[in-house]
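K.L.:
Encoded as structure tokens, here's the structure I'll be asking about.
Rule-based calculations on the coordinates, nothing more; no lab input. Since we're looking at a predicted model, the values are computed, not measured. Every residue, glycine among them, receives a Cβ derived from its backbone with ideal geometry; neighbour counts consider all protein chains shown.
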Amino acid sequence: MLSRSSAEAEYRGVANVVAETIWVRNLLLEIHCPIQTATVVYCDNRKGRSWPGSCPSCSLLSTVCRHLHQRSSLYSLQQIQIQSSCSGTSHFDCGRMNCLLQEVQFTDQQRFKQFVSQSIARMENRLRGSGHGVAAARTDAMLNIAGWMSEQMGGHSGLVTWDSRLPLRNEAIVIPNQVNYVGKAGNIYSTGYELDGSAYVISKHISATWLWDRVRVSGGAYGGFCDFDSHSGVFSFLSYRDPNLLKTLDIYDGTGDFLCGLDVDQATLTKAIIGTIGDVDSYQLPDAKGYSSLMRHLLGVTDEERQRKREEILTTSLKDFKDFAGAIDVVRDKGVAVAVASAEDIDAANIACSNFFEVKKAL
């Protein structure tokens with residue numbers, strides 16, 4: 001049984017927490033957040049008074065709870081529980097809430113590091129104190145997709161440091177199929193190559209001539225093409241429904257020599273430029289325009305960069321093709337190959353090239 005002084009201290013603590021909550025309530029009202037009620041549970045678990053609380057759908061509930069829990073520790077309260085339900089439907093209100101949250105500056109690195117360390121400690125303590133839960137999550141992850149996703153994000157796998165990239169190795173994925181899909185790629189920025197709009201013309205020309213003739217017409221594949229990701233610098237060769245494997249990789253490796261020996265007239269060059277600029281400035285419906293604008297914003301692509309790209313495309317010359325040959329040879333020398341192919345073709349390739357592929361069975 002609490003003494004009178006202890007009881008008075010307890011209720012003073014509750015009163016202070018209520019005062020703190022009133023401050024939070026006023027803040028929420030100022031930013032037009034829809035609120036209902038919250039209940040405090042303290043000390044001997046008797047219900048205290050109720051007051052307007054916060055809006056959980058706006059992601060501010062955790063901030064309010066954390067604030068109240070921190071303040072309650074000053075008054076020896078054992079537990080504070082916030083209960084509320086949001087009835088707000090205004091997107092404008094939630095936008096104001098998000099703005100408030102996003103403008104927080106994490107300038108106190110030491111304090112932020114402390115929060116991260118505490119989270120790590122809690123995760124590690126789960127392994128020691130709640131091993132049965134980890135075991136349950138792991139077995140669940142082996143038996144259904146939802147369990148696997150949950151375990152990857154919050155279970156034992158969530159404690160493992162993931163590599164930012166897959167290891168660089170030639171990989172063959174075995175499928176029961178009569179045709180293959182053969183790819184090879186490398187990062188041309190690693191050679192010191194600086195992005196120029198002519199690269200788009202060159203890659204389109206490679207697909208339409210060299211790969212079309214060698215991979216599709218002569219090789220019998222349903223398709224062969226290349227792709228250049230200007231943001232990452234990755235240049236990729238790909239074939240579709242291809243009866244070959246190593247032969248196609250040899251064609252990819254010969255692309256640099258093809259460019260060095262290339263001799264095109266002005267009409268062919270103009271045709272390649274027109275085809276490329278048509279892709280860059282193609283007609284778009286309003287939804288596509290919005291999506292393109294969003295992607296440019298997220299990637300930090302400015303209008304000045306887009307205009308420079310257009311000008312470089314329009315002024316592409318034969319010299320640009322030959323200069324690009326040195327950059328594209330990195331795919332031959334340091335590139336990584338991936339083939340989705342039949343077991344027979346993969347085995348034959350590994351015999352011919354001494355375990356060239358690391359084999360993984362998919363089906």
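K.L.:
Find out how many positive minus negative residues lie around Cys260, taking Lys and Arg as positive, Asp and Glu as negative, among other residues whose Cβ is under 11 Å from that of Cys260.
P.N.:
Result for the neighbourhood of Cys260: -3.
K.L.:
Sorting check: for 214-227, 246-259, 344-357, which peptide has the highest mean count of neighbouring beta carbons within 10 Å, and how do the rest follow?
P.N.:
246-259, 214-227, 344-357
K.L.:
Under a point-charge model restricted to the Cβ atoms of Lys and Arg (+1) and Asp and Glu (-1), what is the dipole moment magnitude of region 171-361 relative to its Cα centre, in debye to the nearest 20?
P.N.:
Taking the Cα centre of region 171-361 as origin, the dipole is about 320 debye.
K.L.:
For region 171-361, treating each Cα as an identical point scatterer without solvent, what Debye log10 I(q)/I(0) comes out at q = 0.10 1/Å?
P.N.:
Log10 I(q)/I(0), no solvent term: -0.47.
K.L.:
Report, by chain and number, residues whose modeled amide H sits under 5 Å from the one on Gly223, excluding near sequence neighbours (fewer than 5 apart, same chain).
P.N.:
Here Tyr240 satisfy the definition.
K.L.:
Ranked highest first by average number of other Cβ atoms within 10 Å, how do 189-199, 113-123 line up?
P.N.:
Packing order, densest peptide first, comes out as 189-199, 113-123.
K.L.:
Compute the separation of the alpha-carbon centres of region 167-191 and region 293-353 and state it in Å as a whole number.
P.N.:
So the two Cα centres are separated by 14 Å.
K.L.:
Ordered by residue, what ³J(HN,Hα) values in Hz, to whole numbers, does region 282-298 give under the Karplus form 6.51 cos²θ - 1.76 cosθ + 1.60, where θ = phi - 60° and Gly and Pro are x?
P.N.:
6, 5, 10, 6, x, 5, 5, 4, x, 5, 4, 5, 4, 5, 5, 5, 5
K.L.:
Along the charge dipole of region 171-361, Cβ charges K/R +1 and D/E -1, which of Phe258, Phe237, Ser198 sits furthest on the positive end?
P.N.:
Value: Phe237.
K.L.:
Another question, then. Would you mind checking the pairs Lys184/Lys309; Lys204/Lys309; Lys271/Lys319 and listing those with alpha carbons more than 19 angstrom apart?
P.N.:
Violating the 19 Å limit, Cα to Cα: Lys184/Lys309.
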